[in-house]
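Scroll down for the structure; my scribbles are underneath it.
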Amino acid sequence: MNINTQIIDGKKIIETKVLIDCGTQGAFMDEPFAKKHRLLLVKLKKEIPVSNVDETLNRNGPIKQYTQLSVKINGNIIST
């Protein structure tokens, strides 16, 4: 399900759509999206491998960075 959302980074608000997936194990963002919107990315001390449903490693590689943001969905603000 795609939902209109606002990502809040300090005083900057980014209007976007998100994909809600009840089977995921976290909240994820595409690195090019983060760089396009100049979001602060922090390097992880240890990379996190990403596996597909069939247990093969994801071709995009491990998660190497993270960010902390607030997300507004239907008037509710959630901090990541």
Could you grab the pairs with beta carbons closer than 9 Å, sequence gap of 6+ or different chains, first residue in the stretch 51-66 and closer than 24 Å to Leu41 by Cα and free of Cβ contacts under 8 Å to residues at least 12 places away in the same chain, second one of a type in the set (Ser, Thr, Tyr) and assigned to a strand (DSSP E or B)?
Leu57/Ser51; Asn58/Ser51
Looking at the structure I just gave you, is Leu19 among the aliphatic types (A, V, I, L, M), in contact with an Asp or Glu (Cβ under 6 Å, 6 or more places away or on another chain) and modelled with pLDDT under 90?
no
Scanning the stretch 38-80 residue by residue, those charged (D, E, K, R) and either more than 16 Å from the chain's Cα centre (by Cα) or under 17 Å from Ile20 (Cα atoms) (or both) turn out to be Lys45, Lys46, Asp54, Glu55, Arg59, Lys72
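The values are calculated or read from the model by the stated rules, or taken from the named source; none is laboratory data. If you're wondering where the values come from, they're calculated on a predicted model, not measured in any experiment. So basically every Cβ, Gly included, is an ideal-geometry build from the backbone, and we count neighbours across all protein chains shown.
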